[in-house]
Every structure is written in C-alpha cells, then in structure tokens.
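Asker: Provided herewith is a single structure, encoded as structure tokens, for subsequent inquiry.
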Amino acid sequence: MLRRLTPVLLTLLVVAFGVTALAARPDRAAPRRTADFVVLAGVTGLRWDDVDQRDTPTLWALARQGSIGSLSVRSAHRPTCPVDGWLTLGAGNFAAWNGSRAAAGCPAAAVTVEQPDGIGANLPDQESVVQHNQQRLPWGTVPGSLSESVRCSVAVGPGAAVAAARPFGRVDRYAPGLPADPAPLLGSCVLSIVDLGTVAGEDPAARAAQARRADAELARVLAARPPNSLVLVAGVSDTDLPSRLHVAVADGPGWERGWLTSPSTGREGYLQLVDLAPTALAALGRPMPERLFLGRPAVAVAGRPADLPAAIAATADADREAGAQRRVAGWFFALLTVAQVLLAVAVLPLLRRARRHAGPVGPAPVSRRVVAVVELLLVGAALAVPAALLADAVPWWRGTHAGWWFATVTALLVVGATAAVRFTPGYGSTLGPLGAVAALATLVVAADVLTGARLQLNGVVGYSALEGGRYAGLGTVGLGVFAAGALLSAGWLARRVRREWRPVAVVAVGGAAVLVVGSPYLGADSIGAIALTAGVSVAAAISTGGWLTVSRLAWAAMAGLAVMVGFAVVDLRRPAPERGSLGRFLAAVGDGTGGLTVHRSSTANVETLVNSPLTLLALAGALLVWFALLRPWGGLMRLFGIYPTMRAAMAGTAVAAGIGGVLGGSALDVAGSAGALVVPMAALAALRVLDHSTDRTRPGDGHPAADRPGAGYEGSPPTPGGGDATAAPADRAPGRAAADDATPADRGATPAAAARGR
C-alpha cells in the first residue's frame, strides 16, 4: 500500500516545494502620486559615456540630485531607430514605425507633422502606423496610449510629436522647437514631451558637440519646468548598429539620489523604454491602461554610490560589457559546439573498443593514456559553460581585445576546474567525475543566483540587457546547466542511500533546486520552476528502477500542473502591477487578449530555434546519444541498468529542459545548455562501464579486489559472505573501477541472471 502511495506523496512534496518557491514575492508598493506635472525630455542616441561635468553640466547636475539608471531601448524593431523609440515611448509597449528599413542602421526619419490651426498638430501617417502595429506585429501595441491617458499633452519637436500623437494622429499642443519662454507651454498641460535633439556617430568630438547642444536645450527646459514637476531625461533610441544602453535620469520629489529600477527588470539601475509611460502616469496619479502597457512604473531605490563619477562610470561600464557580450557570445557557443562535436567523433571508436573481450582473440584495447586524455577533455567540455559564467567575475570586457581576454580567462578556469575534478577523491570510480562535475556546475550557478545573479547579467552565457528579455534572476543557459547539474547531483547522491530512500533524496535535492529557480528573490523564473518540478517528479518516480512509463509521466505532468495552478491562484489575487508573467497571461486570457501572449511565445520559439547556436549543440548531443550511446555497443543502456538513479536523473533533465524551453519561448536553448553538461559526462561514464563489461571474477577466487567491500556492480546480488557476485579483476588499471562505488542489491537478480546481463 505504501509503495503505491509513494508517487502520490512525492508529487505532493514536490508541489509544496514549487508553490512555496513561487508564491512569495517581494513587497512592491504601488507608486504614489509624486508630481503635478511630468516633463519627458528625450535625446536620441545619448549614452552615459557622453555625460561629463564639462560638456553636459546641466545633465551632470540633474544626475547628481536625481536618480539614474541604464535604459534599455528595445522596441519592436532592432536596432531601435529614433522614430521607433519615440513611438515606443508614447505607446508604453514595443512599437515600430511602418515602412522599409535598411539592412543595417537606421533610415532617415520621414515623419510628416502638419499644423492646421497653429495650436496643435496632426500626423497623417498615424492611422497606418496603428494598423501596422495592431495587425503585423505580435505585441498588440496601440501608439498614443500615453497621451490618451491624460486630458492634455504638449509636444516640442518632431520626435516628441510622434510620442504625443493620439491614435487618430492629433497632438494637443505642439511647437517645432522650444519658444523663447517655454514656461507657458510646459505649464499648459500635465504632460510635456520634448525632443532635445540627437547624439550620433562614433567620433568623440562630434558626439561631444551634439551633447553640448542637447544639454543647453535641457537647461532651458529646467529653467521653465512647472512647480512640483517630475523631469525624466532619456536617451530614447539608438542611432545605428550595434544597440547600446542609454541614459535615464529622473528628478523630482521622491526621486533623490538613487538608482532607477522597475518591476519589469527587477534589477537596480536598469529600466526599459516601455517603463517611461507608466512611470509618468504613476507620478501623476492617473490610472493605466493595463492591457496596453507592457512596461511598469519605475521607482528610485537606495544604494547608489555617493560619488557621482563612480556611479556614472558603473553605468558606462555596464554598456561596454553588454556590447562585448554580444560580440563574444556567438563565437563562444560556436566553438563549444565544434569542440563537443569533435569530442563525440573521438569518443565513437573508443566506445567501439572499450568493451573487453573474454576470449583470446579480439581488438587491441586503446591505450590507457589516450583514454585518460579523452576523459579529461570530456570533463573540460562539460565545465566550459560554468567556467564561462565564472569568467565574468573578471572584467575582461575592459581590455582592448575583449574576446581574447575572455578566452584566456575561461580557458584558465576550465583547466583549473578540470584539475580539481581530476584530483577529487573518488575520481577513479565510474561515476566519480560525473558527480564532481555536476556538483561543481550546480554550485557555480547557485552561488551566482544567491548573490544577486551578477554574473548572469550581460554575461557571455547569461542574458543581455540590450535584448530586453531578462534583467535579473536565472537566464536560459543558467537554467539548463543548473537543472542538469542539480538532477545529476540528486541521482549521484540517491544511489548512495538505500533503495527505498532514493526518491526522498531526489526530491530533497530537486526541491531545493526548485526553490532556487522559482523564488522571486533568487532565480525569479516561474516557468523554469514548473519545468524543473516536472523533471524532479520524473526522476523521483524512476529512481528505484524501471523506465519512464505513461503513468509516471502523468504523475510528473500532474506535479507541474499543480504547481502552475497553485501559483496562478496566488498570482491572480495580487494587484495587476504586482503579478508575474503567469498571472498576467491568465488575466489576458480572461479578457480575451491571451492570444497575443501565445503568438509572441510561438514566434520567439521559432526565432530561437532558427537563430540560436544552442540549437546545434542540442541536436549534436541528441545525435550522439541516439546513434551511439544508446546502441548496444554504446554503454549508456548498461550504465542505466547498473545505476538506475542516473537513468532517472537524465530522464528528468530531458523532461525539464524540454518543458522549460518550449514554455519559456527559448526552443532548444535550455536543452542545448543542459546537454553541454550531460552528454560529455554520459559518454565518460559509458566508457568506464564498457571497460568493465566482462568482469566475471567472484569473491574468494584469489583476487584481492574480490574482498573489497562494494567492489561489484550496483546491479549485482549480495552474496552470503557480504561481498558482491562480481568484482573487479586484480589486473585492473589503478584508479579505474567499474562500479566500486555502487551499492549491491539494486535488482533482485540471481547470480546466473546477473552473469547473463554482463
């Protein structure tokens, strides 16, 4: 009876872990009204390295007394050209101007602004722009949503007119440039949007001159700002490839000397362009069109250095790191894919010749030195992604040749980690390297997440603030490595306990991993937590033996579904601004707009599947497993039979990676990063198992190894004398044991059946 209830009890335990992780969220009080007027001043292309005390004294003083942050200017197009940036600012959602775009860079703005009455203005193209965003783009954006949320708005300059135009094209009050006395115009409406010009190009002298002109215009705006007003200064767009992080400054009551952040980023010092519209409405105390705004109101938080040059240097350094990450990440994953494919090719002949022949005739065994070198290469390949993550603790991006510095640091870390695994006690055992690598990878990712995920942000194997997808918590690659490492560690640990306690061990380790992934204070990945819950349930269900049957898969699906339902119930009870992605999606389903989220997710899956190098890594690993390791000569089936907990761990990893990738919109990226860890270790363990596939010595036959406790395979039956039915022969190379770390009596096979299985 208890055995039948075990899956139910374990499922409930995993569900409890998952809901606990997902239910609690940081307290985020709704922003209160802080201003009677809001002035949004935009400078296209303005970056933090353009700001200094000499060329931009007004902006420097504003940053000193206000709050600052790095602005991600993502829009519906990449790069975000000026007209797209202004349109996104006014929409509070990813938007794009319809029309042709150059293959690289931004076309010249061609916005027509008509002034029929001399008071306001009209954009004749606005209707087609709204239709383009509604019908051709997946975001459901309505340009002009910001101006529609207030009674009256002012626009100064053509860019500001794009942001302030209502959906039918009307701008309430418009001036082509700042008048001699801007105060009456800026005080005529509660919301004013001002175009301060452009800072473009890469010539330092030209950028400095353009920044000085924009700073002079900003000085006039500040001199005429209405009383009790909030002034937001933003670099609203890129001007060319590549994309960069831009300036964001907020000055007004309640915005003194802090970092800008928002719930959409969850990272101090970072906010998005789509956050500016809801920030303006929140400061004015106006209700927000929740179904239209993708961004969330920004807030100022403490923690900014008192030294303003140090704070600005940190934001400029983040921009440099994000730019270097984009250049380096592509070739890193390309080289990793090539290296793992070459290793797979090198392993194939070793797998063919690894099985020892009991007869007098057979192929000569491969040199032990060659096998040892290949094993170390497999360990290094499995540790490449954790090493690349740890490499971001060193500021490699500040060097002249950033890519070479990153390669050097990563290579040194791989060599050091491989040496640490090699000299770990138990390396000579069959699963020794696998356990050490899994534990090391899990600890690296967990330590980063527990300390604020600083290595994930703008890291080569993390996520980029320029992409606008994630700014805090656990990224796609980190999720794959952490899930694989945690489940392999759980399987390695579970095999060292009694059979009936193995599911409990898997749930304990896996449940802790679910907490790390799902907690809003840590990994902040609800989809990843749901996927990992399903993977842990699968691993726990088959950790005592057997395969992934339909019923066991159903239990895993039920566990993941239960976590999802539990979180959804909790999330839907929160105020709309505090909901997570799942709660927002279910709310959208309720009001009939959930199809947009599904469309965006499916589009993201297709784009990632086609464009990501991790897709090749996932496919290469799957081909090696299916056409080599799972063949009768490949050793993996034998490994699974001897070590059922490792079969459980790898099956759970496959389930978690598949669900996490599809639901998270990252296709095979999670599977690719997980495979980069799992596949090399599976190949290494298969090599060692095959090397001892013909061991037939029995206790008491004169071999000293036969008297060593636990010397036989895990699947061997216990003997009356306390030894195992099979043991390693005396001529085995030092440090190479077949299953000397395995526990006996995993299966109730007879000695004859055990011999036939070998």
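Values quoted throughout were computed directly from the atomic coordinates according to the rules given, and no laboratory measurement underlies them. Keep in mind it's a predicted model, so treat the numbers as computed, not measured. Glycine also receives a Cβ, built like all others from the backbone with ideal geometry; neighbour counts cover every protein chain displayed.
Asker: List the extent of the Cα atoms of the stretch 432-559 along each of their three principal axes, largest first, rounded to whole Å.
Answerer: Largest first, the stretch 432-559 extends 47, 33, 21 Å along its Cα principal axes.
Asker: Right, next: Mind ordering 314-321, 144-151 by average Cβ neighbours within 10 Å, highest first?
Answerer: Packing order, densest peptide first, comes out as 144-151, 314-321.
Asker: Can you classify the stretch 199-240 as rounded, prolate or oblate using the Cα gyration tensor, where a ≥ b ≥ c are the square roots of its eigenvalues, rounded means a/c under 1.5, and otherwise it's prolate if a/b beats b/c and oblate if not?
Answerer: oblate
Asker: Sticking with this one: How large is the charge dipole for the stretch 368-482, taken about the Cα centre, if only the Cβ atoms of Lys, Arg (+1) and Asp, Glu (-1) carry charge, to the nearest 20 debye?
Answerer: Approximately 220 debye in magnitude.
Asker: If packing is taken as the average number of other Cβ atoms within 10 Å across a peptide's residues, how do 391-401, 36-46, 54-64, 525-535 rank, most packed first?
Answerer: Ranking, from highest mean packing down: 525-535, 36-46, 54-64, 391-401.
Asker: Just the Cα atoms of the stretch 133-180, one point each, no solvent: what log10 I(q)/I(0) does Debye give at q = 0.19 Å⁻¹?
Answerer: The computed values of log10 I(q)/I(0) come out as -0.61.
Asker: Let me ask you something else. Of the listed peptides 665-672, 375-382, what is their order by residue-averaged count of other C-beta atoms within 10 Å, with the highest listed first?
Answerer: 665-672, 375-382
Asker: Can you divide the C-alpha Rg of the stretch 37-76 by 2.2 N^0.38 Å and report the result to two decimal places?
Answerer: 1.30
Asker: Continuing with the same structure: Please label the shape of the stretch 359-470 as rounded, prolate or oblate, based on the square roots a ≥ b ≥ c of the eigenvalues of the alpha-carbon gyration tensor (a/c under 1.5 means rounded; beyond that, a/b larger than b/c means prolate, else oblate).
Answerer: Prolate.
Asker: Roughly speaking, what is the centre-to-centre gap between the stretch 296-312 and the stretch 32-91 when only Cα atoms are used, to the nearest Å?
Answerer: So the two Cα centres are separated by 14 Å.
Asker: Could you tell me which residue out of A180, V113, Q134 lies farthest along the dipole of the stretch 103-217 toward its positive end? Charges go on the beta carbon: Lys and Arg +1, Asp and Glu -1, centred on the Cα centre.
Answerer: Q134
Asker: For the stretch 122-206, just say rounded, prolate or oblate: build the C-alpha gyration tensor, square-root its eigenvalues into a ≥ b ≥ c, call rounded for a/c under 1.5, and beyond that prolate if a/b exceeds b/c, oblate if not.
Answerer: Oblate.
Asker: Positive end of the charge dipole of the stretch 226-381 (Lys, Arg +1 and Asp, Glu -1 on Cβ, about the Cα centre): tell me which of P365, L348, S237 has its Cα farthest that way.
Answerer: Of the options given, the answer is P365.
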